[in-house]
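Here is the structure we will look at.
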Amino acid sequence: MYNKKAYGLGSVRSVIRELFEYGKQRAAEYGADKVFDFSLGNPSVPPPAAVEEAIIDFVKSTEPVALHGYTSAQGDQGVRKAVAEYINERFGTTFTADCIYMTCGAAAALTIALGAVVTPEIDEVIAVAPYFPEYKVFAEAAGAAFKVLPISKKDFQIDSEALKKMLTPKTAAIILNSPNNPSGVVYNDECLKEVSRVLGSYAKEIGHPIYIIADEPYRELVYGGIVPGYIPNFYKDSIVCYSYSKLLSLPGERIGYIAVNPEAADAKEIYLAVMGAGRALGYVCAPSLMQYVVGRCLRLKPDLEAYEKNRELIYGGLSKIGYECVPPDGAFYLFVKVPGGDAEAFSEKAKEYGVLVVPGDGFGAEGYVRLSYCVAYETIKNALPHFESLYEDFTRKCAH
């Protein structure tokens, strides 16, 4: 016998991963220059030199058993203290080391945070479309019913009135992702204030907190002087899930943290629940070496020049062709409206032109496709003629 639910998750891979594997196969068959893969959000900018220097320094200067041994389950005390102080420095908050729990990236942070606040088979978790597809997997694994707030505004900001109608006494949490994957949209301060007002008011009415779980792997990847609002400064009952994957171009190293807002009504209990959920999920501790490395590299900033150039080229190029694109203020994704509205058909047709794009259906946004523009500049440049031919072909097909 086996777990049929787990079998279902394992036997059907995510569309993103399927496209990525398909792209590798096509590149091997026909040459990498014949495939324009915009499927996976894998940073194309190398890690800052200081990261490599820190790794080498720790390996050379630290006794191996200490360097590679266990830390405390919640993470090294010194690293957690440094993370808390850096957050306070940036956002005027009051975090301490005992609000920070080091994790194996944002995915682990989200699964642990959900495990900490969800009562299985009773609670509901809300995601805002468009959303990262794994949210559904994570929420349901925690035992929650998964609900989606549909896109209701052209600028993809959150409709607080629609959210209000979706809340029930079973609502445990809402996941907010800004800058957003897949749209690149950054929720503005007015939006965050309204969401906080609605949640706070309803929480008082039902007599228990509704948590905002802020998924923030793209916080540092913003353009045009935009500064994403920091959720704990808007809403007390909040938990931040952070990752260094995009900031430091370290997606494969799996390092991040959970920050429990010390202003939350039951902050100490939530932190202990985070520790308990991590224990139950088998997270002994985050990778020791990478904890020390990020503890030293907290003040590094990403090199956005390549992403900014790519953003300008792909957004401008596709808009000129005739595609309707959501203006991306952050992350490295472009969300494109499909002519005729059939994203699955468009994605399949795009393969004929060597172009790989992800249908938006799995993101809760039918009629859109996601492009990851964290690729080589030449890839975008060379792909634009193919996008133009694809547009002409597909729109002609839709007209018939």
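The values are calculated or read from the model by the stated rules, or taken from the named source; none is laboratory data. In this text the structure is predicted, and so the values were computed from the model without any measurement. Don't worry about glycine lacking a Cβ; one is built from the backbone with ideal geometry, like all the others, and counts go over all protein chains shown.
When both residues are 6+ apart or on different chains and their Cβ atoms are under 6 Å apart, which pairs have a first residue that lies in segment 122-150 and is more than 17 Å from residue 211 (Cβ to Cβ), and a second that is part of a strand (DSSP E or B) and small (Gly, Ala, Ser)?
As it stands, the answer is 148/127, since those pairs meet every condition given.
Can you name every residue in segment 269-283 that is touching a residue at least 12 places away in the same chain (Cβ under 8 Å), part of a helix (DSSP H, G or I) and not aromatic (Phe, Trp, Tyr)?
The answer is 270, 273, 274, 275, 276, 277, 278, 279, 280.
Which pairs turn up if I take residues in segment 161-175 that are in contact (Cβ under 8 Å) with a residue 12 or more places away in the chain and within 15 Å of residue 209 (Cβ to Cβ) and look for partners that are of a type in the set (A, V, I, L, M) and surrounded by fewer than 16 Cβ atoms within 10 Å (Cβ to Cβ) with beta carbon separation below 8 Å, at least 6 apart in sequence or on another chain?
Note: pairs meeting the criteria are 169/206; 170/122.
Pairs please, first residue from segment 321-349 and under 19 Å from residue 304 (Cα atoms), second anywhere and of a type in the set (Val, Ile, Thr) and loosely packed, with under 15 Cβ neighbours inside 10 Å, Cβ atoms under 9 Å, 6+ apart in sequence or on different chains.
329/226; 330/226
Hey, among the residues in segment 48-89 that are over 16 Å from residue 289 (Cα atoms) and in contact (Cβ under 8 Å) with a residue 12 or more places away in the chain, which one's surrounded by the fewest Cβ atoms within 10 Å (Cβ to Cβ)?
Of everything passing the filter in segment 48-89, 86 is surrounded by the fewest Cβ atoms within 10 Å (Cβ to Cβ).
From the list 272, 298, exactly one residue is farther than 18 Å from residue 184 by Cβ and buried (at least 16 other Cβ atoms within 10 Å of the Cβ). Which is it?
After ruling out the rest, the residue left standing is 298.
Could you grab me the full set of residues in segment 122-131 that are charged (D, E, K, R) and surrounded by fewer than 19 Cβ atoms within 10 Å (Cβ to Cβ)?
none
Specify which of the listed residues (308, 312) is in a helix (DSSP H, G or I), among the charged types (D, E, K, R), free of Cβ contacts under 8 Å to residues at least 24 places away in the same chain and not assigned by TED's automatic domain parsing to the domain that holds residue 182.
312
Hey, among the residues in segment 132-170 that are touching a helix residue (DSSP H, G or I) at 6+ places or on another chain (Cβ under 8 Å) and of a type in the set (Ser, Thr, Tyr), which one's surrounded by the most Cβ atoms within 10 Å (Cβ to Cβ)?
The extreme case among them is 135.
Among the numbered criteria (1) over 19 Å from the mean Cα position of the chain (by Cα); (2) at positive phi; (3) aromatic (Phe, Trp, Tyr), which single criterion is violated by residue 156?
(1)
Test of understanding: among 76, 98, 57, which residue is at pLDDT 95 or above, more than 23 Å from residue 245 (Cβ to Cβ) and not aliphatic (A, V, I, L, M)?
Among 76, 98, 57, only 98 is at pLDDT 95 or above, more than 23 Å from residue 245 (Cβ to Cβ) and not aliphatic (A, V, I, L, M).
Of all residues in segment 350-381, how many are in contact with a strand residue (DSSP E or B) (Cβ under 7 Å, 6 or more places away or on another chain) and either assigned by TED's automatic domain parsing to the domain that holds residue 133 or not aliphatic (A, V, I, L, M) (or both)?
Residues in segment 350-381 being in contact with a strand residue (DSSP E or B) (Cβ under 7 Å, 6 or more places away or on another chain) and either assigned by TED's automatic domain parsing to the domain that holds residue 133 or not aliphatic (A, V, I, L, M) (or both): 11 in total.
Please return the ranges of helices (runs of 4 or more DSSP H) entirely within segment 85-194 where 3 or more residues are outside the structural domain of residue 369 (by TED's automatic domain parsing), within 24 Å of residue 267 (Cβ to Cβ) and basic (Lys, Arg).
Because the criterion is at least 3 residues that are outside the structural domain of residue 369 (by TED's automatic domain parsing), within 24 Å of residue 267 (Cβ to Cβ) and basic (Lys, Arg), no helices (runs of 4 or more DSSP H) in segment 85-194 meet it.
Kindly indicate which of 293, 355, 326 is in contact with a helix residue (DSSP H, G or I) (Cβ under 8 Å, 6 or more places away or on another chain), among the β-branched types (Val, Ile, Thr), under 23 Å from residue 218 (Cα atoms) and surrounded by 16 or more Cβ atoms within 10 Å (Cβ to Cβ).
Of the residues listed, the single one that is in contact with a helix residue (DSSP H, G or I) (Cβ under 8 Å, 6 or more places away or on another chain), among the β-branched types (Val, Ile, Thr), under 23 Å from residue 218 (Cα atoms) and surrounded by 16 or more Cβ atoms within 10 Å (Cβ to Cβ) is 293.
Does any residue of segment 208-216 turn out to be aliphatic (A, V, I, L, M), part of a loop (DSSP other than H, G, I, E, B) and more than 23 Å from residue 233 (Cβ to Cβ)?
No, segment 208-216 has no match at all.
Would you tally the residues in segment 200-222 being aromatic (Phe, Trp, Tyr) and surrounded by 20 or more Cβ atoms within 10 Å (Cβ to Cβ)?
Number satisfying all stated conditions: 2.
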